[in-house]
Each structure stands twice: as C-alpha cells, then as structure tokens.
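The structure appears right after this line, and notes come after that.
We did not get these values from a lab; they are worked out from the coordinates using the rules stated. Bear in mind the structure is a predicted one, so any value in this text is a computation, not a measurement. Note that we place each Cβ from the backbone using ideal geometry, even for glycine, and neighbour counts take in every protein chain shown.
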C-alpha cells in the first residue's frame, strides 16, 4: 500500500490523481491507466492506501507538482484528448478579469455491470450543463472527474463519506471560483460494483451535513 508517482518530461502540465481500490486493480491497470497515459499528462499519482476518497485525493494533491490537477476514479474510460481539450479551455480563461474559472468539467455515461444491486438499475447518461451557481446549491451536477487549476483548489472534507465532490464545488463557489462546461466531451464510468453509490451508504445524512455546513437551509 503506497502512493506511487510517475512522471514524464514532455506531457501536459497536469497531474492525474487516482484513488485506487484493491478490488478494481485489474480493470484499472489493464484499461483505465493506459487511457490516462494516452492523454499524455506529465504526472500520474496513484493512491491505494485503505482510506476514504477525500483523504486519498488530498494526500496526492500534496505530492503533485503540476499546475493543473485531474481527479480520475479507478473505473473510468477517458477518451483521447480529454485532458488536452480541458487544459486548452482553461488556458483561454487564464487571464480573464470578469470571471474566476477554476475548473473544466463534462458529462459522462455510466455503464452498470450489476444493475440488480446498483441504485441506477441500468446504464445511464449524465449530460453536462452550463455552470449555474444557483443549481449547484440545490444539488451537485458536476462530476469529480474535472480538471482543476491547482492554485484555486481546496481540500476535500475528509469527514464526509459521500458527496465530498459536491462539498468541494460549494467551497470553491464560496471562494468565487466557477467552472466551465466542456459540452463536446464525455467520459465513461464503469460501475464494477456498488461502490460509494450503494444504497447501503447513508447519503441523506451527508446531504444534511453539507446543507448545514454551507448554511443553505433547504
């Protein structure tokens, strides 16, 4: 169990961070990792320590050396040029004075391998939508698989067992940081098991905790 760092000299100035689960190692190393490498990031950090997702991601960010960070789960199919497209879009907004753009995001398609035990009960698609601060306060519509400007990023809340990505986006919003939609991009998420979206994971308590934390009073 360790945090493994791999770097190349001629990659995009991006660190890809992967919180790896032992039970998904075969899928990750045979399918997900080669596709990450094909996107040509300068740095890939894999954390297979037995910790919560937020803790694993935070520890990797501390070790990252690149100005951009992309969080990638261990069951993701990342099409070619995804990182480059996001990077180029964020670079366009780098010197804008009218908006503080801190991340780029896209939609995704979910492939559910065990529909009988998964909450979604089958394959599904979550399309992207333009950034909307009001909508974000009502519910999260942005995947954690997004490219972030590292200097604008904040830590994940390590006390949360679910929805830590929603909490992260709300913290960024509090700091005035917004996202930019990549409407022509989409990745695939393979749900190999129930994972954190399982019905056995108490989502409602985490929703209440986040609402209280951000004083949203819904």
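Fewest neighbouring Cβ atoms within 10 Å first, the residues 5, 69, 16 line up as 5, 69, 16. Taking the DSSP beta bridges in the chain as the whole, what percent of them are antiparallel, to the nearest 5? Expressed as a percentage, antiparallel bridges in the chain total about 45. Neighbour counts of C-beta atoms inside 10 Å place 191, 141, 105, 68 in the sequence 141, 191, 105, 68, starting with the fewest. Largest GNM mean-square fluctuation across 132, 75, 59, computed for the chain with C-alpha springs under 10 Å, falls on 132.
What shape does region 10-85 take by its C-alpha gyration tensor, where a ≥ b ≥ c are the square roots of the eigenvalues and a/c under 1.5 counts as rounded, a/b above b/c as prolate, and the rest as oblate? It comes out oblate by the Cα gyration axes. Estimated from helical segments only, the mean residue ellipticity of the chain at 222 nm is -7500 deg cm²/dmol, where each DSSP H run of four or more residues counts as -39500 (n - 2.57).
Inter-label distance, residue 120 to residue 37: 2.7 nm, where each label sits 7 Å from its Cα along the C-beta direction.
Could you list 37, 91 in order of exposure, starting from the residue whose Cβ has the fewest other Cβ atoms within 10 Å? Don't jump to the answer; show the numbers that get you there.
On the way: 37 15, 91 11.
Result, fewest neighbours first: 91, 37.
Relative contact order for the chain: 23 percent, from Cα pairs under 8 Å spaced at least 6 residues apart, divided by residue count.
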